[in-house]
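Only the coordinates and a few stated rules stand behind these numbers; no lab work does. Note that the coordinates shown come from a computational prediction; the quantities given were computed from them, not determined experimentally. Note: ideal-geometry Cβ built from the backbone for every residue, glycine included; neighbour counts use all protein chains shown.
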Amino acid sequence: MKKITVRQEFEYPLETLLLAREERYKHLDKFPELKNVHIIEETREDGILKQVRHIDLGESLPIAISALMPGGSTVLVETSEFNEASHEHTFQVTPGGGLDNIFTVSGVSRYHAVDDGKSARDYAIEIRSRAFLVGPVVEGAIAEVYSNNLNKDRQSILNFIKELGLDQAND
């Protein structure tokens, strides 16, 4: 099992970060970096936002992983819950088609205020692969991809804050 932790700070209040986190998926046309994400199911009940998203990796799948994927399957399935009161997001990502023996990504992200004008999100992620002989290689490749994608995701949030003009309130 491979573990990664990531902390990302934002020069915006928590409310701005949370708004951008949720709203940008309603404006995917403005964010080409999110074009491979499709919300398949979404429900909200008792302050919990539940989602199932498909993430089409296409050509971005590392070679160490694509070689293990049968039939060229490149779609990941993410199931998640976001608690609107605690601002905690739990998620699990597996390859489509029930291929969780290749790898499973489980994680928690927490969104919180740092001070009046700053916020952060902290990730704790575990990557597990049961792929025979190459499990550690798969886990390492996914950890690297995940870390890079979290940086891209941070930039996407910052771009969305600017797109909505929410950065003006912070000037």
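Bridgeable lysines around K162 (alpha carbons under 17 Å apart, same-chain partners fewer than 8 residues away excluded): K26, K30, K118, K152. Computed from the C-beta positions of K162 and T79, the FRET efficiency with R₀ = 25 Å rounds to 0.25.
Kirkwood Rh, segment 2-166, all Cα pairs: how many Å?
Details: mean 1/r = 0.0600 Å⁻¹.
Computed over segment 2-166, the radius equals 16.7 Å.
Order of 154-165, 106-117, 40-51 by packing, highest average Cβ count within 10 Å first?
154-165, 106-117, 40-51
For a straight C-alpha distance cut-off of 18 angstrom, the aspartates and glutamates reachable from K50 (same-chain residues fewer than eight places away being disregarded) are E22, E23, E41, E42, E78, E81, E84, E88.
Projecting label points 7 angstrom from Cα along Cα→Cβ for I48 and E88 puts them 1.2 nm apart.
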